[in-house]
Amino acid sequence: MGDIAIPCFVFAKILHKNPAVIASDLKNGLEQKKEELGLDEVICVGGYCNLFVNRKLFVENTLTKAADGNHGVEKIGEKKTVCMDYSSPNIAKNFHVGHLRTTVIGNSLYKIYDKLGYNVVRINHLGDWGTQFGKLIVAYKKWSSKEAVEKNGIQELLDIYVKFNNEKEEHPELMDEARSWFVAMEHGDEEALSIWEWFKDISMVEFERVYDMLGISFDSYTGESFYREKVPALVELLKEKNLLIESQGANVIDLSEYDMAPCMITKKDGSSIYHSRDIAAVLYRKEKYDFDKCLYVTGLEQSLHFKQVFKAIELMGLDYYKDLVHVPYGLVSLDGEKFSTRTGNIIYAEDILNEAVKRAYELIEEKNPSLENKGEIAKKVGIGAVIFHDLFNQRIKNINFSWKEVLSFDGTTGPYVQYTYARAKSVLRKYGKELQCTLTDCQALTDDISFALIKTIGGYEKAVNVAAESYEPSIVARYLISLCTDFNKFYQECPILKEENVKTKEARLYLVYVTSQIVFECCGLLGIECPEEM
Ligand code: ARG
């Protein structure tokens with residue numbers, strides 16, 4: 001019932017007292033410090049002790065804090081470095097909806113940690129090495145051409161890759177060819193490497209298009225190929241530490257004691273693999289960035305992989321294994337929705353984003369045809385809608401994608417949030433004057449509805465901190481929805497521009513202003529742009 005409720009049941013066991021007695025003792029103690037604590041009233045109901053804050057004081061404090069440079073968020077991360085490994089698509093493969101999730105979640109975590117003052121290194125650990133490139137080279141030489149690849153981009157590479165996999169059933173000798181091309185790559189063969197490099201460039205052009213649309217960039221693109229050369233030294237180190245054993249010609253770390261499959265370090269032919277390249281990457285990042293934490297935003301299905309990698313680091317005696325965190329996420333499905341994709345059931349991130357922009361344009365055309373810059377706004381709305389939908393859902397949950405839900409203007413959506421922002425900005429524009437009022441007039445904001453909004457504003461800092469601690473952008477997204485809901489209620493119930501008392505009017509406008517800033521901030525933390533008009 002109170003602004004703050006203290007349930008005293010939890011103390012009962014410790015103090016061996018009845019919760020109601022504890023609540024009343026608490027009340028007696030608090031009553032004496034009421035003023036100091038900024039409380040108006042303390043009321044006990046059963047085992048609860050309810051505190052009512054002094055609204056005027058609370059409003060003043062909260063709005064002062066919210067209007068400062070960092071909106072009340074403390075820079076607790078200063079001088080600390082966090083490496084974030086996210087997006088990390090695979091060269092010559094499509095950038096699919098799964099990669100969209102890691103990209104969007106990773107980007108939001110970057111913004112959140114950055115807000116808290118951390119030094120964040122954004123790493124795109126490209127999947128640019130592995131046997132599949134041997135297959136691709138064979139397929140390219142047999143069934144494709146320079147012109148075809150230049151014309152069709154990744155699609156061509158995907159098509160010939162699929163063809164290779166079909167053909168190899170009947171012609172197993174293709175696999176030997178592929179393997180020897182990959183071995184050639186590992187040994188620095190010029191021809192092999194130049195084809196691979198070219199495939200990489202072709203892929204990057206397509207990935208960059210998606211990153212551009214999302215407004216995302218990275219500090220490092222050192223992917224798997226970068227670490228292949230570091231694996232021989234890793235092998236030596238593991239040998240020194242007596243951690244390597246041979247198993248059917250391969251080098252592995254035995255993890256049976258920890259109920260895990262062995263962690264492979266090199267294959268029979270001596271080549272590196274995903275695991276060893278990741279272990280080498282941990283050592284490299286520690287050395288280069290001296291991280292306090294290193295996060296990996298990848299699908300849940302890679303949990304075992306990261307457990308193995310982290311365990312290997314622990315067994316090597318490196319205590320920073322504790323700072324390695326897998327941040328997994330669930331699957332995206334599109335049930336029941338028609339979706340035109342370029343190849344069967346693979347869903348391209350780029351297609352989703354383009355489609356969202358197109359649909360947003362149609363919606364704007366319908367709702368607000370006279371709006372200027374419809375194209376630009378549709379981009380922000382469409383892409384923002386996809387991002388918001390992804391981040392509103394808890395990271396670990398599987399999500400279902402439905403256009404109706406994603407682009408709706410009411411409910412828990414991106415357009416709803418952006419619309420709220422545009423509405424607030426429009427009120428301020430209509431007023432058109434510098435606000436004279438400040439916090440001395442905040443008595444006018446102590447009514448229940450304004451106060452509810454201000455309490456939510458006061459929760460901003462906590463939302464950012466909890467989101468960071470739990471690697472969960474959905475906390476910010478959900479906070480943002482409550483902020484918008486409270487604001488819209490305030491907007492509906494409390495006259496703003498029509499208010500006759502100038503002080504009250506300005507105080508309300510000030511609240512509109514502060515709210516719009518926090519909405520803008522939260523959108524920024526999610527990686528969403530806010531149009532000024534919509
Ligand atoms: N390329 C991988 C994939 O597409 C993700 C890589 C994640 N990062 C890492 N360091 N293993 O699934």
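The values are calculated or read from the model by the stated rules, or taken from the named source; none is laboratory data. Bear in mind that the values here come from a model prediction, so they are computed numbers and not experimental data. Because the Cβ atoms are built from the backbone with ideal geometry, glycine has one as well, and the counts that use them run over all protein chains shown. Accessible surface areas use protein heavy atoms only, side chains included; no ligands, DNA or RNA. Shrake-Rupley method; radii C 1.70, N 1.55, O 1.52, S 1.80 Å.
Modelled label-to-label distance, residue 152 and residue 368, 7 Å Cα→beta-carbon offset: nm?
That separation, rounded to one decimal, is 4.3 nm.
Which of the GluC sites (Glu not before Pro) across segment 44-129 are loop residues per DSSP, with 16 or fewer other Cβ within 10 Å?
74, 78
Please work out the Cα center distance from segment 457-534 to segment 18-71, rounded to the nearest Å.
Cα centres, segment 457-534 to segment 18-71: 24 Å.
Structure shown: which of 239/293; 425/505; 115/286; 135/307 lie over 19 Å apart, alpha-carbon to alpha-carbon? Let's see the in-between values first.
Values: 239/293 27 Å; 425/505 16 Å; 115/286 23 Å; 135/307 29 Å.
Correct reply: 239/293; 115/286; 135/307.
If R0 is 41 Å, what FRET efficiency do you get for residue 239 and residue 303 from their C-beta distance, rounded to 0.05?
The formula returns an efficiency of 0.90 here.
Could you calculate the FRET efficiency of residue 501 with residue 114 from 1/(1 + (r/R0)^6), where r is the beta carbon distance between them and R0 is 51 Å, rounded to 0.05?
It comes out at approximately 0.80.
About its Cα centre, how strong a charge dipole does segment 69-183 have in debye, to the nearest 20, once Lys and Arg get +1 and Asp and Glu get -1 at the Cβ?
Magnitude of the dipole: close to 560 debye.
Amide H of residue 128: which non-local residues (sequence gap of 5 or more, or other chain) have their own amide H closer than 5 Å, using H built in the peptide plane?
It is 91, 224, 225, by chain and number.
Classify the chain as rounded, prolate or oblate, taking a ≥ b ≥ c as the square roots of the eigenvalues of its Cα gyration tensor: rounded when a/c is under 1.5, otherwise prolate if a/b is larger than b/c and oblate if not.
Here the chain falls in the oblate category.
Enumerate the amide H contacts of residue 329 below 5 Å, restricted to partners 5 or more residues apart or on another chain; note that Pro and chain-start residues carry no placed amide H.
Amide H neighbours of residue 329: 298, 299, 300.
Tell me, what % of the accessible area of the chain is carbon and sulfur with a 1.4 angstrom probe?
50
Counting pairs of alpha carbon atoms under 8 Å apart in space and at least six apart in sequence, what relative contact order in percent does the chain give?
16
For residue 143 and residue 41 in the same chain, what is the full-extension length gain: residue separation times 0.36 nm, less their Cα-Cα distance, in nm?
Separation in residues times 0.36 nm, less the Cα-Cα distance, equals 28.7 nm.
Please give me, ordered by residue number, the trypsin sites (Lys or Arg not before Pro) of segment 452-533 that lie in loop per DSSP and have at most 14 other Cβ atoms within 10 Å.
In loop regions of segment 452-533 (DSSP not H, G, I, E or B), the sparsely surrounded trypsin sites (Lys or Arg not before Pro) are 498.
Could you tell me what percent of the DSSP beta bridges with both partners in the chain are antiparallel, to the nearest 5?
In the chain, approximately 50 percent of DSSP beta bridges are antiparallel ones.
Under a crude label model (7 Å from the Cα following the beta-carbon direction), how far is residue 267 from residue 290 in nanometres?
According to this spin-label approximation, the distance is 3.8 nm.
Ordered by residue, what ³J(HN,Hα) values in Hz, to whole numbers, does segment 78-94 give under the Karplus form 6.51 cos²θ - 1.76 cosθ + 1.60, where θ = phi - 60° and Gly and Pro are x?
Coupling constants for segment 78-94: 4, 6, 10, 10, 10, 8, 10, 9, 8, 6, 6, x, 9, 4, 6, 10, 6 Hz.
Residue 95's amide H: which non-local residues (gap 5+, or another chain) put their own amide H closer than 5 Å, with H modeled 1.01 Å from N in plane and none for Pro or chain starts?
349
Give the Cα extents of segment 1-79 along the principal axes, in whole Å, largest first.
46, 33, 21
So how far apart, in nm, are the two label points at residue 246 and residue 492 if each is 7 Å from Cα heading toward Cβ?
Modelled inter-label distance: 7.5 nm.
Could you give the size of the charge dipole of the chain about its Cα centre, using +1 on the Cβ of each K and R and -1 on the Cβ of each D and E, expressed in debye and rounded to the nearest 20?
1120
Which one of 261, 171, 110 is farthest out on the positive end of the charge dipole of the chain, using unit charges on Cβ (Lys, Arg +1; Asp, Glu -1) and the Cα centre as origin?
The one lying farthest along the dipole's positive direction is 110.
Of the listed peptides 121-127, 471-477, 424-430, what is their order by residue-averaged count of other C-beta atoms within 10 Å, with the highest listed first?
Ranking, from highest mean packing down: 471-477, 121-127, 424-430.
Sorted by average packing, counted as other Cβ atoms within 10 angstrom per residue and highest first, what order do 81-92, 265-276, 183-194 take? Walk me through the intermediate numbers first.
Details: 81-92: 24.3, 265-276: 19.0, 183-194: 14.7.
Peptide ranking by packing, descending: 81-92, 265-276, 183-194.
Run the helix sum for the chain: -39,500 (n - 2.57) per DSSP H stretch of 4+ residues, divided by residue count, reported at 222 nm to the nearest 500 deg cm²/dmol.
So the helix-based figure for the chain works out to -18000 deg cm²/dmol.
If one takes the longest principal axis of the Cα atoms in the chain, at what angle in degrees, from 0 to 90 and to the nearest 10, does the Cα axis of helix 414-431 lie?
Tilt relative to the chain: about 40 degrees.
Could you derive backbone 3J(HN,Hα) for segment 35-41 from the dihedral phi with the Karplus parameters 6.51, -1.76 and 1.60 (θ = phi - 60°), listing whole Hz in sequence and x where the residue is Gly or Pro?
Running phi through 6.51 cos²θ - 1.76 cosθ + 1.60 with θ = phi - 60° gives 5, 4, 8, x, 9, 8, 8 Hz.
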